[in-house]
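Only one structure is covered here, and it is reproduced in the block below.
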Amino acid sequence: MAKTSSSRPYHLVIFGASGFTGQFVVEEVARTASEGPKGSLKWAVAGRSKQKLEKVLEQAAGALSKPELRAEVDIIVADVGEPDSLAAMCKQAVIVLNCVGPYRFYGEPVVKACVENGAHHIDISGEPQFLEGMQLNYSSQAAEKGVYIIGSCGFDSIPADMGVLYTRDQFKGTLTAVESFLTVSAGAEGGCIHDGTWQSAIYGFADSQKLQNLRRKFNHKPLPTVGTKLKRRGALFYCNELQQYSVPFMGSDPSVVKRTQRFLTEECQATPVQYGAYAGIGGIGNIIKMLFAGMMFLFLVKFSFGRNLLIKYPEFFSFGMFSKAGPTRKQMEASSFQFTFYGEGYTEEQDTSQEKPSAKIRTRVQGPEAGYVATPIAMVQAALTLLNEAAALPKKGGVYTPGAAFAKTTLVDRLNKHGIQFSVI
C-alpha cells in the first residue's frame, strides 16, 4: 500500500495545492516528510495553474526555510473539469489529498478518478451530503479495488470522531453516551474563516431535503440504544459545563460520528455510543448577533438571489466571521480550539441489562487554530497513518469515516506529537 513504483512515483499528491487551505497542507507535508515510509516521502502538488503551484512552492520554501522545495517537488497540472487529467494524476499517486471544495460541486470527479485508477483518497470535507453520497455510490467499487476513500479528515471531523473513540478507549467499562462541547479562542486581532467554508454551509442548508432523501436510500435500521437515552438539549441554552451560552454544533461531526458508530457496531460488534455535539457562543452580545445573522441566513438561503447575496458579501452577513481573504498568519498563530467530552457508561461490575449507567468520564481534545493549522495537521497525519499502518486498517477498501478507518491505528498518538492533544481530565 505504501509503496511507490516507477508507474506510481508519489506517496502523496496534494490536489488543489494553490487553494487557501491547500497552501497550508503543502507546508505541513513539507514539515513532516521525514515521517514517510522508511523516513522519506515522495510527493507532488497538483491543480489547474502551473504558475500558481510554482508560487505556492516558492511561498512554502520561504516560510519553512527550505529552498530545495522548488526543485524537489514536482508539479502536476490537473483540472476537475478534465477527467483525463484527473486519471493521469491518480495513476501517479498512492494517496490523493483532495483540498478542492466545495466538495458537493468538485469532489465526486476526484473520488471517481481515484477509485478507477487505484489511488487512495483523503479529503477535509465538512459536507454530509457529499460524504454520505460518496459512501452510497462508491463504497462497493472501492472495496473491489482495495481503495480507501476516507472523508472529513480535517477539523471536520477528526477531533470529534477520534475524540469519541479516545473517550471510549480510556473508559473503564462500557461507554454508552458522550456529549462534546466546542469552544474556540482568538487572539487580540480576532479571527475569521475563509469563505469556502461559508459557501459549503450555504449550499448545505439549501439542499437539506436532498440529504434526507439520500439517507433514506441506505435503508439503515436504527442503532440500538444502550443505557439511558441521550436527551437532546435546546436550540439555545446556558451550558453549566462551559459556563456560557451554547447551541447545537451545526457541522458534520454528528453525522460522521454516527456513521463511525454504525460501522463499529455492525462490523466489529462494538457497543454503539450515543453522541450529542454542542458549541459555546459566549454571552448575551454574541447571542443577539448570532440570532440576527441566523435569521437573515435562513431567510436568504431559501432563494437563489439570497444565496448570491450571501456568497457575494460573506463578511457583512456573518458579522466578520467569514471573509474572502481568510485569516492572517498572525490571527492563526493566536487562535485555538478545545473540545471537552462528557461521557457516561457502565462500570465493568454493572449489569447492563438491569441498571442505569453510573460511571462518568471527561476528556479533552485541544489544538491550534482549527481551519488552517489543525486541519492540515490532521489531514497529513491521516495520510501518514494510511501509508505506514496498512495492517491496522479495515480489511477491505471502501468509503470510510476517520474513526472507522483509524480506530485500530496510532493516529491519536501521532496527533498528540503534532500539537492536537488528547487527554483525560
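The values are calculated or read from the model by the stated rules, or taken from the named source; none is laboratory data. As the structure is a prediction and not an experimental result, all values here were calculated from the model. Cβ placement follows ideal geometry from the backbone for every residue including glycine, while neighbour counts extend to all protein chains displayed. Accessible surface is based on the protein model in full, side chains and every heavy atom, while ligands, DNA and RNA are left aside. Shrake-Rupley method; radii C 1.70, N 1.55, O 1.52, S 1.80 Å.
Observations, loosely collected:
- Test: residue in the stretch 112-133 that is open to solvent by 50 Å² or more (accessible area, probe 1.4 Å), modelled with pLDDT of 95 or more and among the charged types (D, E, K, R): yes
- Residues of the stretch 232-253 that turn out to be without any contact (Cβ under 8 Å) to a residue 40 or more places away in the chain and not polar (S, T, N, Q), as a count: 5
- The stretch 348-365 - residue that is of a type in the set (Lys, Arg) and in contact with a strand residue (DSSP E or B) (Cβ under 8 Å, 6 or more places away or on another chain) and, of those, surrounded by the fewest Cβ atoms within 10 Å (Cβ to Cβ): LYS360
- So ILE95, is it under 14 Å from the mean Cα position of the chain (by Cα) and open to solvent by less than 10 Å² (accessible area, probe 1.4 Å): no
- Complete set of residues in the stretch 164-178 that are open to solvent by 10 Å² or more (accessible area, probe 1.4 Å) and touching a residue at least 12 places away in the same chain (Cβ under 8 Å): TYR166, ARG168, GLN170, PHE171, LYS172, GLY173, THR174
- Close pairs from the stretch 286-301: first touching a residue at least 24 places away in the same chain (Cβ under 8 Å) and surrounded by 16 or more Cβ atoms within 10 Å (Cβ to Cβ), partner part of a helix (DSSP H, G or I) and of a type in the set (Ser, Thr, Tyr), Cβ under 9 Å, at least 6 apart: VAL301/TYR203
- Scanning the stretch 134-163 for residues that are of a type in the set (S, T, N, Q) and open to solvent by less than 10 Å² (accessible area, probe 1.4 Å), we see that the one that is modelled with the lowest pLDDT is SER157.
- Residue pairs meeting the criteria (Cβ under 7 Å; at least 6 apart or on separate chains; first more than 17 Å from VAL45 (Cβ to Cβ), in the stretch 73-89; second in a helix (DSSP H, G or I) and small (Gly, Ala, Ser)): PRO83/ALA113; ALA87/ALA113
- Sole residue being modelled with pLDDT of 95 or more and closer than 22 Å to GLY371 by Cβ, chosen from VAL94, VAL77, VAL73, VAL25: VAL25
- If the condition is being open to solvent by 30 Å² or more (accessible area, probe 1.4 Å) and β-branched (Val, Ile, Thr), then the stretch 312-347 contributes THR328, THR347.
- For the stretch 28-70, filtered to residues that are on the phi > 0 side of the Ramachandran plot and modelled with pLDDT under 95, the residue that is most open to solvent (accessible area, probe 1.4 Å) is LYS38.
- Taking residues in the stretch 195-213 that are farther than 13 Å from LEU310 by Cβ, and partners anywhere that are not in a helix (DSSP H, G or I), the pairs with Cβ atoms closer than 7 Å and at least 6 places apart or on different chains are GLY196/GLY101; GLY196/PRO102.
- Flag for PHE181 being out of contact with any helix residue (DSSP H, G or I) (no Cβ under 6 Å at 6 or more places or on another chain) and either surrounded by fewer than 16 Cβ atoms within 10 Å (Cβ to Cβ) or in a helix (DSSP H, G or I) (or both): no
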